[in-house]
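Some notes on the structure that comes next.
The values are calculated or read from the model by the stated rules, or taken from the named source; none is laboratory data. Given the structure is predicted, the values throughout are model-derived calculations rather than measurements. Please note: Cβ atoms are built from the backbone with ideal geometry, for glycine as well, and neighbour counts cover all protein chains shown. Quick note on the areas: whole protein, heavy atoms, side chains included, nothing else; ligands and nucleic acids left out. Shrake-Rupley method; radii C 1.70, N 1.55, O 1.52, S 1.80 Å.
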Amino acid sequence: MAYLSIQDTCTLLNISRTTLWRLLNQEVIKAYKLGGRKIIKREEIDKLFVNL
């Protein structure tokens with residue numbers, strides 16, 4: 001299972017950090033805490049495109 005950092009997710013989706021944080025706050029994308037960092041499962045990103 002692949003995990004992405006905030007920056008990797010922004011690069012993959014070609015969006016700004018502000019937009020990503022908005023999606024996280026709206027719970028469109030679910031993030032997980034790992035220590036002091038937030039990570040995102042790659043399958044969460046894949047779900048975005050399946051649900052279109």
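For the chain, the solvent-accessible area of protein heavy atoms averages 74 Å² per residue (probe radius 1.4 Å; ligands and nucleic acids excluded).
At 20 °C and 1.002 mPa s, grab the translational diffusion coefficient of the chain from Stokes-Einstein with a Kirkwood Rh over Cα pairs, rounded to a whole number in µm² per second. Walk me through the intermediate numbers first.
On the way: Rh = 11.1 Å.
Answer from the Stokes-Einstein relation: 194 µm²/s.
Could you size up the charge dipole of the chain around its Cα centre, putting +1 on the beta carbon of Lys and Arg and -1 on that of Asp and Glu, and report it in debye to the nearest 20? Please list the in-between numbers first.
Numbers: 9 positive and 5 negative charges, 41 e Å.
Using only the charged Cβ atoms, the result is roughly 200 debye.
Using a 1.4 angstrom probe on heavy atoms only, work out the carbon and sulfur share of the accessible area of the chain in %. Its accessible area is 50 percent carbon and sulfur atoms. Annotation: extensible slack from T19 through D46 equals 8.0 nm (criterion: 0.36 nm per residue apart, minus Cα-Cα distance).
In the chain, helical runs assigned H by DSSP with n ≥ 4 each contribute -39500 (n - 2.57); averaged across all residues and rounded to the nearest 500, the mean residue ellipticity at 222 nm is -14000 deg cm²/dmol.
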